[in-house]
Amino acid sequence: MDDSFPRFSVVVPVRNEEELLPELVTRLTRVLEALDDTWEVLLVDDGSTDATYGLAVEAHTRDPRFKVVRLSRGFGHQLALSAGLDLARGDAVLTMDGDLQHPPEVIPELVARWRAGDEIVYAVMTERPGEGRFKDWTARVFYRLLGRLAEIEVPIGAGDFRLVDRRALDAVRAMRESNRYLRGMFSWVGFRQSGVPYVHPARTAGQTKYTSFRMFRLATDAVIGFSSRPLRLGLNLGFLVSIASLVFGLAALVGRLVGGFAVPGWTSLAVIVGIVGGIQLIVLGIIGEYIAHIFDEVKRRPLYVVTRTHGLPEAELESVEELARESPGRRG
């Protein structure tokens, strides 16, 4: 096999992970060497402000199989992951986070499933040590809600730790939407998929980059990107409120005619107006989210901008987005 096309590619977005990156490189090297095949690791620096980029370049200097892609700013986890996927050249591509909460030691199990014929193999968290019950509960609720609202199935506990066959990856890379929920995109393309359970280790250093706001934003992108049901729910809710208001009006009219009903004051009216007004604002907000997503798509801006690469000379100082458009498949 030509070394220019490694058998395995590992894509790792990193942002301010200077405390964990050296250990990540060591553990990845040990695990990938044991596969007894050709491999590469793409470290995508998503706008780090600490020594992460320098440590990544040092890793490349010591072992050229570690490639480095530096984005011009922090574009976010999903877009940094997309940049690595666009440049990955392996027959099988693995994606994982750089905080060691996706243990590299699980990789051989993912590879074994792929060699057995599965085309997308995702790692499924069975435990979340070190995380609060609230976060665990909200994650489970979100996945169940997404399963009901969207036309995709994302297993509970499946994140961005997965192995993808080249054919499945090319199908996902053809989807150039701006607001990306990669877990849903990999589910949407189909192919033969399976899961491998693993224990989600507690973070040993640094801070999580997924704040509550970013988690909410990702959840919003997931629902809006794969379902129009919120719009239908808004429509149904509007009909329900209209019918309830009509019934209330008729009841008030009948009571007035028979003389058995008197309006005690404006309190009930104010409450009803407030409820209806709140529902209207919610529905308008849902519509606004869909319009905002449409606005992002019609602008057709590049998903990200790359300023430097190490180990990938064909992409030096060029936009990976432009390279991906020129050649949607493997690049030589």
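Working ranking of peptides 171-177, 36-42 by packing, defined as the average number of other Cβ atoms within 10 Å per residue, highest first, is 36-42, 171-177.
For a quick protection proxy, order the peptides 306-312, 57-63 by their average other-Cβ count within 10 Å, most packed first.
306-312, 57-63
Net charge of the neighbourhood of ARG192, taken over other residues with C-beta under 11 Å away and scored Lys/Arg +1, Asp/Glu -1, is -1.
Values quoted throughout were computed directly from the atomic coordinates according to the rules given, and no laboratory measurement underlies them. Owing to the predicted nature of the structure, the values given are computational and were not obtained by experimental measurement. Don't worry about glycine lacking a Cβ; one is built from the backbone with ideal geometry, like all the others, and counts go over all protein chains shown.
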